[in-house]
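Here's the structure we're looking at; comments come further down.
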Amino acid sequence: MEQNKRIDLLEYKIKLIHTIITSMDNYKFDFFSFIIDHDITEYQTSLILKSLAILKDRLEGSEISQLENDHAELNMLISNKKPSFKEFKEFIKLNINKEINSKYLLMSLHRQKINVDICKYLLDDSKE
């Protein structure tokens, strides 16, 4: 089988598996579905999660714990100010995908119980 056909087949199988899983009762993996639906890479997923950890540390006035040399993109989040939805949205546009709805991304994280407090804070800030 040609490589392109194999890739198409794999993509189709993944789509089917995703459809089956998300249709199950009590499906609670909104963020994972978001990742799949928006073709977010493992590296980008790591950036999202680490960005939230940095923003959480800033919100709590803690020392920022997620600084790593392999994620230079996170440097734009280093500040002594309280985090804002606008700042998170800009980070997502610049580093993940400008077409992603940052509010929906935060809602998917919140529903999956990932970084609940900072997600709620940023979602509340998006309403102001």
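The values are calculated or read from the model by the stated rules, or taken from the named source; none is laboratory data. Nothing here was measured: the structure is a model prediction, and the numbers come from that model. As a convention, Cβ positions derive from the backbone with ideal geometry for all residues, glycine included, and neighbour counts pool all protein chains shown.
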Next on the checklist: Can you say whether A53 is in contact (Cβ under 8 Å) with a residue 60 or more places away in the chain and over 10 Å from the mean Cα position of the chain (by Cα), as far as the supplied structure shows?
Outcome noted: yes
Next on the checklist: Can you find a residue that is at pLDDT 95 or above, over 30 Å from Y27 (Cα atoms) and acidic (D, E) anywhere in the range 59-72?
Outcome noted: no
Checklist entry - Going through the range 16-43 one residue at a time, which ones are in contact (Cβ under 8 Å) with a residue 40 or more places away in the chain, part of a helix (DSSP H, G or I) and either in contact with a helix residue (DSSP H, G or I) (Cβ under 8 Å, 6 or more places away or on another chain) or among the hydroxyl-bearing types (S, T, Y) (or both)? => result D30, F31, S33, F34
Checklist entry - Somewhere in the range 58-76, is a residue among the basic types (K, R), closer than 23 Å to D125 by Cα, without any contact (Cβ under 8 Å) to a residue 24 or more places away in the chain and surrounded by 12 or more Cβ atoms within 10 Å (Cβ to Cβ)? => result no
Next on the checklist: Among the residues in the range 84-106, are any modelled with pLDDT of 95 or more, more than 25 Å from I17 (Cβ to Cβ), surrounded by 18 or more Cβ atoms within 10 Å (Cβ to Cβ) and in contact with a Lys or Arg (Cβ under 7 Å, 6 or more places away or on another chain)?
Outcome noted: yes
Checklist entry - Across the range 107-123, which residue is surrounded by the most Cβ atoms within 10 Å (Cβ to Cβ) among those that are among the polar types (S, T, N, Q) and over 11 Å from K56 (Cβ atoms)? => result S108
Item to check | The listed residue being assigned to a helix (DSSP H, G or I) and out of contact with any Cys (no Cβ under 6 Å at 6 or more places or on another chain), out of L74, L109 | outcome: L74
Checklist entry - Can K86 be described as without any contact (Cβ under 8 Å) to a residue 40 or more places away in the chain, over 30 Å from E11 (Cα atoms) and touching a Ser or Thr at 6+ places or on another chain (Cβ under 9 Å)? => result yes
Checklist entry - Tell me, which residue of the range 1-39 that is aromatic (F, W, Y) and surrounded by 13 or more Cβ atoms within 10 Å (Cβ to Cβ) is farthest from the chain's Cα centre (by Cα)? => result F29
